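Heads up, the thing below is written out as structure tokens.
Values quoted throughout were computed directly from the atomic coordinates according to the rules given, and no laboratory measurement underlies them. Computed from a predicted model, the values in this text were never measured in an experiment. Cβ placement follows ideal geometry from the backbone for every residue including glycine, while neighbour counts extend to all protein chains displayed.
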Amino acid sequence: MANIKSQIKRNKQNVVDRERNKKVKSEVRTRVKNAVAAVGTEDEESALRLAIKRIDKAATKKIIHKNQAANKKSGLMKRINALKENA
């Protein structure tokens with residue numbers, strides 16, 4: 001355990017940051033899942049738009065890397081297009 005005042009504060013900040021990052025990453029996964037599930041319904045476009053918005057926001061806040069955000073969006077679009085073709 002740290003006994004330097006600044007490191008004690010930094011450890012507390014790390015806990016708060018980690019919890020916030022977990023929430024954001026979880027929301028991104030949920031939004032992607034909802035967008036894939038909405039394929040073929042009237043909510044398809046809004047669910048996709050919301051998923052992409054959350055991915056971009058996570059990248060802007062540096063919770064995920066910008067390249068990871070691009071990969072997630074690309075993979076999401078590929079999955080949705082494949083589902084549309086098979087339907």
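When Ala47 is tested against the conditions (1) of a type in the set (Gly, Ala, Ser); (2) touching a Lys or Arg at 6+ places or on another chain (Cβ under 9 Å); (3) free of Cβ contacts under 8 Å to residues at least 12 places away in the same chain, the lone failure is (3). Number of residues in the range 13-69 that are assigned to a helix (DSSP H, G or I), of a type in the set (Gly, Ala, Ser) and either within 12 Å of Ile80 (Cβ to Cβ) or touching a helix residue (DSSP H, G or I) at 6+ places or on another chain (Cβ under 8 Å) (or both): the value is 7. Selection of the range 1-45 for residues being closer than 23 Å to Ile63 by Cα and among the hydroxyl-bearing types (Ser, Thr, Tyr) yields Ser26, Thr30.
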